[in-house]
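Below you'll find the structure, written out as structure tokens, and then a few comments.
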Amino acid sequence: MECPHIPSISYAQFSERLHKQIIAQRIPIKGSFELTFRCNLRCAHCYCNLPLNDQDAIGKELTTEQVFSIFDQIAEAGCLWLLLTGGEPLLRKDFLEIYAYAKKKGFLISLFTNGTLITPKIADYLAESPPSEVEITLYGVTKETHEKVTGIPGSFKRCQKGIELLLAKKIPLRLKTMAMTLNQDELLNIKEYAEGLGVKFRYDPELNPRLDCSKTPCNFRLSPEEVVKLDLADEKRVKEWREFCEKFLGPPQSDNLYLCGAGISLFHIDPYGQLSVCMMSRYQNYDLRHGSFHNGWSNFFPRFIAQKPKSDYKCGQCELIALCSQCPGWAWVENGDLETPVEYLCKITHLRAEAFNIKKL
Amino acid sequence: MDFLDKVYKKSDSIVFRKIADEFILVPIRQNVGDLESICTLNEVGARIWELIDGEKKVREIKDKIVEEFEVTPEEAEKDLIEYLQQLEGIEAIIEG
């Protein structure tokens, strides 16, 4: 921003400066909001997607006004970074209204989309009133691979068209993918494709069960060995992992069950107004249709995040916990209880530690 | 026209937020801000922002600042004019 005498600092500096205050004052600075669970794609590994025209889902979704009211409340509480996601958020007919309202509230918005529903009208709108970032998920560089994952013919071409529309309008874009058995052979090609377009890229190889605890997505998991092999094939990724470990590794600093920022600076809201401490922990929620965000944040969450393990919680003593995606929410959807380690994640973590020479095993 | 007789109002292309102890300006429209940086205001800057209401003259804002903060009228005037020009430059405020 061209304001030399008004202090203009980088997001990184700003985040760092803000971080201490946020933790100390417990400010809900970062939220994610699923505008719908419905999606026009049928991705094999998805943890939440419902059919495009699911009438039950449509009937339960928050109305435009209810979304606005929640935006008012979270802005008041201090939310700055807001992720709009789904399902496919662009499926909502009122998406642009919702987006415009979120911009007016002064959120820094990220938008996750499959890219297939981006029209010139939407691209123009986003160009005029830009988000901080749009992330499009691309599952392959060929129609065959991408559509093997999405299950919808024509989705590859429409996704590419969406990418082109955003790039033409210079909207900040990042590509990402989930690495799984269906597309692992093209992972490197997707990365190269993104680099060729001059956009950032990231991938995630850790698939979790569906929110209803169905294990279907797990059928497409790479083996822990394959996950680490992918890490090692990328020098930059290994370097980032090592730096992360140097900074954060060690025994947990708390004896709570929750060891992350969930409910301290983070929150999540689903399409039906259910407020949870994060995107992964949905087994106990606070209903925003019958109570205020303030009440959920100030009265429901503190009790929730202060939970102590009821048993001898193995992960609560693990020095590698910061390297691991293990959390009570994931344990719930995977194992049906909060404290049983997710074996798949545990294996990946120990293999990573060994591969990155972090801990002599 | 004397700068001190001007009246400014906030534009709808930027949103003022107070989060924790930070005062920040979040751009809504294209060209108002780049995405790598964020504008923060100090306490005086935030107070001035509050005082910009489309009715008060710059002179009145200056008087308030002199009254509320430890600053001479000369310093306040110089800084205020510079600050308002910058805010105008990034389309955060408009005359009228």
Summed side-chain charge close to residue A:213 - residues other than residue A:213 whose Cβ falls under 15 Å, Lys, Arg +1, Asp, Glu -1: 0
Neighbourhood net charge (12 Å Cβ-Cβ; Lys/Arg +1, Asp/Glu -1) for residue A:282: -2
About the Cα centre, and with charges only on the beta carbon of Lys, Arg (+1) and Asp, Glu (-1), how big is the dipole of the stretch A:192-240? Nearest 20 debye, please. 160
Number of Lys pairs (Cα under 25 Å; 8 or more positions apart or on different chains) in the stretch A:258-361: 7
What share of Cα pairs, in percent, lie more than 31 angstrom apart in the protein assembly as shown? 49
By average Cβ neighbour count within 10 Å, what is the ranking of A:39-50, A:243-254 from highest down? A:39-50, A:243-254
Would you list, by chain and number, the aspartates and glutamates whose Cα falls below 13 Å from the Cα of residue A:143, excluding same-chain residues fewer than 8 positions away? A:186
Averaged over peptide A:23-29, how many Cβ atoms belonging to another chain are found within 10 Å of each residue's Cβ? 1
Orientation-averaged projected area, Cα convex hull of the stretch B:57-96 (nm²): 2.8
With axes computed from alpha carbons, what is the tilt in degrees of helix B:73-89 against the longest principal axis of chain B, rounded to the nearest 10 within 0 to 90? 30
Over the whole of B:18-29, what's the average partner chain Cβ count within 10 Å per residue? Rounded to a whole number, please. 6
For the stretch A:262-330, shape from the Cα gyration tensor axes a ≥ b ≥ c, cut at a/c of 1.5 then a/b versus b/c, turns out prolate
Check the straight Cα-Cα distances from residue A:157 and name the aspartates and glutamates below 14 Å, setting aside those fewer than 8 residues away within the same chain. A:144, A:147
Below 10 angstrom from the Cβ of residue A:17, what's the summed charge of the other residues (Lys, Arg +1; Asp, Glu -1)? -2
Label point at residue A:247 placed 7 Å out along Cα→Cβ; residues across the stretch A:274-289 whose backbone nitrogen lies under 12 Å: none
All-pairs alpha carbon distance profile, the stretch B:3-95, 10 Å steps from 0, percent: 16, 50, 29, 5
Chain A, helix-only ellipticity at 222 nm - DSSP H runs n ≥ 4, -39,500 (n - 2.57), divided by all residues, nearest 500: -11000 deg cm²/dmol
Bridge type composition, the protein assembly as shown - antiparallel percent by DSSP, nearest 5: 40
Packing-based ranking, highest mean first, of A:213-225, A:259-271, A:176-188 given that Cβ atoms within 10 Å are counted: A:259-271, A:176-188, A:213-225
Evaluate the charge dipole of the protein assembly as shown about its Cα centre and quote only its size in Debye, nearest 20, assuming +1 on the Cβ of each Lys and Arg and -1 on the Cβ of each Asp and Glu. 1440
Label point distance in nm, residue A:72-residue B:67, each placed 7 Å from Cα along Cα→Cβ: 3.2
Given the pairs B:9/B:64; A:30/A:200; A:93/B:18, which are separated by over 25 angstrom at their Cα positions? A:93/B:18
The farthest towards the positive end of the charge dipole of the protein assembly as shown, of the residues A:129, A:175, A:40, given +1 on Cβ of Lys and Arg and -1 on Cβ of Asp and Glu, is A:40
Take every Cα pair under 8 Å in chain A that's 6+ residues apart, average their separations, divide by the length, and report that relative contact order as a whole percent. 17
Once label points are set 7 Å from the Cα along Cα→Cβ at both residue A:343 and residue A:308, what is their separation, rounded to one decimal in nm? 3.0
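Coordinate-derived values only; no laboratory data. No experiment lies behind these values; they were computed from the predicted model shown. Neighbour counts are summed over all protein chains in view; Cβ atoms, including those assigned to glycine, are modelled from backbone coordinates with ideal geometry.
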